[in-house]
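One structure below.
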Amino acid sequence: MPPRITAPRGARDLLPEQGEAWTRLEAIARDLSRRYAFDRLDTPLFERVELFARGLGETSDAVEKEMFRVSGAAGSEEERAEWALRPEPTAGIVRAFVEHGMHVRPGPLRVWMLGPMFRYDRPQAGRYRQFTQWDVEVLGDPGPMVDVELVELAHRFYALAGVRGVVAHLNSIGDAECRPRFRRALLDYFGSHEDRLTDDSRRRLRVNPLRVLDDRDLDADLAANAPRSLDHLCHACREHFSTVRSLLDAMGLAYRLDHRLVRGLDYYTRTTFEFFVAGREGQQQALGGGGRYDGLVELLGGRPTPGIGFGIGLDRVLLAGEEQGIPPAVSDPLIVVVSADPGAMVDRLRVASVLREAGLRVRPDGSTRRLGKQLESASKVGAHWAVIVGDELQRDAVVLRDLSTGHQEEVELAGLAEAIGSR
RNA sequence: GUGGCCUUAGCUCAACUGGCAGAGCAUCGGAUUGUGGCUCCGAAGGUUACGGGUUCAAGCCCCGUAGGCCACCCCA
């Protein structure tokens, strides 16, 4: 026997029994996208490495150590890995925005996307090399109203998905004008305490001082006394953030200020947020996150255009739901068409066809087993109804049996779908 | 990328000190040719994750690899 081939590390199969739950989550995402007036925009699963390097920042973890690289066919010009599977959606969407000159479209562009993202890190529960994200982006809207609209949208998604106790962590990390000052303050502060930093943080201090705040090994007092971005915001950023906060309050949306929330990707400016189940913040289980990126379009060669968006990890939402004991998703009632006559294949197909025409969910039993076996099998696959095709067909009728009660009666074919639908 | 724990049938797990690889559930068939869920009988299902080593003998001991999980790291 040849060696067995298994799924790639960190990638999973979606099994039939999980399908309904995924379909339900995706349906919520699609419906909310529609209700909040976002239009669908899909970009390729892979892009040039250069796009992510420029967009997310050379020193971001996503680029520095998690890039899932792909190359062209052996012998092709692209045999060297020049592409990478997308680690996040924003860079690709902004690339498309610039490439297709979408800045000339009327009004801010509001788009959504749903699909797999890839990061080459070490898998763990809730952390996969391929994971699915629902993403929304708004380009050309400086806010601050839209900032709050997005936080509200995310909250609504979690509520509909049935995850309770989701809390938004919020921060503002300034813009091109004030961020350099904040950066310098961090450099001065951590530079004078360099002996108390981990090796990793010392390295970060040189390449990206903001991310020292991400270090969870940071001594408590060192962290508590560290410069806060909110204290270094320029006037415009301070105004922006203050309006965001008052709008959140007015909308009754709870949030927690998190001074250490700086986000791992360099493109963020001003408002940043991450969503957690309250009390589980420490366990690397962010359910979603996002923020404003007012400089990214320009960075990728477009005209200066503000942007904001978020991504929600559906895998983790599903996990959180399971942990909270959310009842499993149920599918539509199933009807199985059975017959004692092995030759009645056409009859079974025709009856099934009639029911499907009426929108019902039907699987005909194609076997030649005894009727009892067919009914048993129907029960086991979870059918609610059995339609028994037999001699009654000469009178244009079949027997409709309720598999949960055992009650059955002869029903005219013409009224069968209605008879099922009315119960 | 670092450290730790784990891997036996589709699933959950047994297998004494290194001595014939098993059970329950699930699947399929029969008892029962137009009436299921219960019961009884039977079948099928394994390179014990993979590769090597020690041994008369390895699921068990040793080494390596892969995968899963946990803690880091980071994020969704």
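Counting just the residues of the stretch A:9-48 that are open to solvent by 90 Å² or more (accessible area, probe 1.4 Å) and part of a loop (DSSP other than H, G, I, E, B), which one comes out farthest from residue A:159 (Cα to Cα)?
Here the answer is A:9.
Suppose we filter A:258, A:266 for residues that are within 22 Å of the chain's Cα centre (by Cα), closer than 24 Å to residue A:61 by Cα, charged (D, E, K, R) and within 15 Å of RNA strand B (Cβ to nearest atom); which single one remains?
A:266
It is to be established whether one or more residues within the stretch A:172-180 are open to solvent by 10 Å² or more (accessible area, probe 1.4 Å), out of contact with any Gly (no Cβ under 7 Å at 6 or more places or on another chain) and not in a helix (DSSP H, G or I).
In the first step, residues of the stretch A:172-180 are kept if they are open to solvent by 10 Å² or more (accessible area, probe 1.4 Å); the result is A:175-177, A:179-180.
This time we only want the ones that are out of contact with any Gly (no Cβ under 7 Å at 6 or more places or on another chain), so: A:175, A:177, A:179-180.
Filter once more, keeping what is not in a helix (DSSP H, G or I): A:175, A:177.
Within the stretch A:172-180 (the criterion being open to solvent by 10 Å² or more (accessible area, probe 1.4 Å), out of contact with any Gly (no Cβ under 7 Å at 6 or more places or on another chain) and not in a helix (DSSP H, G or I)), the answer is yes, since at least one residue qualifies.
What do you reckon, is residue A:401 touching a residue at least 12 places away in the same chain (Cβ under 8 Å), on the phi < 0 side of the Ramachandran plot, surrounded by 19 or more Cβ atoms within 10 Å (Cβ to Cβ) and charged (D, E, K, R)? Break it down into steps so the answer makes sense when it comes.
Values: touching a residue at least 12 places away in the same chain (Cβ under 8 Å): yes; on the phi < 0 side of the Ramachandran plot: yes; surrounded by 19 or more Cβ atoms within 10 Å (Cβ to Cβ): yes; charged (D, E, K, R): yes.
Yes.
Quick one: which residue in A:417, A:344 is open to solvent by less than 60 Å² (accessible area, probe 1.4 Å), of a type in the set (Gly, Ala, Ser) and near RNA strand B (Cβ under 10 Å from one of its atoms)?
None of the other options fit; the residue is A:344.
Check off (1) open to solvent by 20 Å² or more (accessible area, probe 1.4 Å); (2) away from RNA strand B (no atom under 16 Å from the Cβ); (3) touching a strand residue (DSSP E or B) at 6+ places or on another chain (Cβ under 6 Å) for residue A:85 and give me the number that stays unchecked.
With (1) open to solvent by 20 Å² or more (accessible area, probe 1.4 Å); (2) away from RNA strand B (no atom under 16 Å from the Cβ); (3) touching a strand residue (DSSP E or B) at 6+ places or on another chain (Cβ under 6 Å) applied to residue A:85, the lone miss is (2).
With respect to the numbered conditions (1) touching a strand residue (DSSP E or B) at 6+ places or on another chain (Cβ under 7 Å); (2) part of a loop (DSSP other than H, G, I, E, B), which one is the sole condition not fulfilled by residue A:151?
Looking at each condition in turn, residue A:151 falls short on (2).
Working carefully through the options A:302, A:291, find the one that is more than 8 Å from RNA strand B (Cβ to nearest atom), at pLDDT below 95 and part of a strand (DSSP E or B). Break it down into steps so the answer makes sense when it comes.
Details: A:302 fails: part of a strand (DSSP E or B).
Within the list A:302, A:291, the selection yields A:291.
For residue A:231, state whether it is open to solvent by 20 Å² or more (accessible area, probe 1.4 Å), of a type in the set (Asp, Glu) and not in a helix (DSSP H, G or I).
Numbers: open to solvent by 20 Å² or more (accessible area, probe 1.4 Å): yes; of a type in the set (Asp, Glu): yes; not in a helix (DSSP H, G or I): no.
The answer is no for residue A:231.
The values are calculated or read from the model by the stated rules, or taken from the named source; none is laboratory data. Quick caveat: nothing in here was measured; it's all calculated off a predicted structure. Glycine gets a Cβ as well: all are built from the backbone with ideal geometry, and neighbour counts include every protein chain shown. In case anyone asks, the SASA skips ligands and DNA or RNA and just uses the protein heavy atoms, side chains included. Shrake-Rupley method; radii C 1.70, N 1.55, O 1.52, S 1.80 Å.
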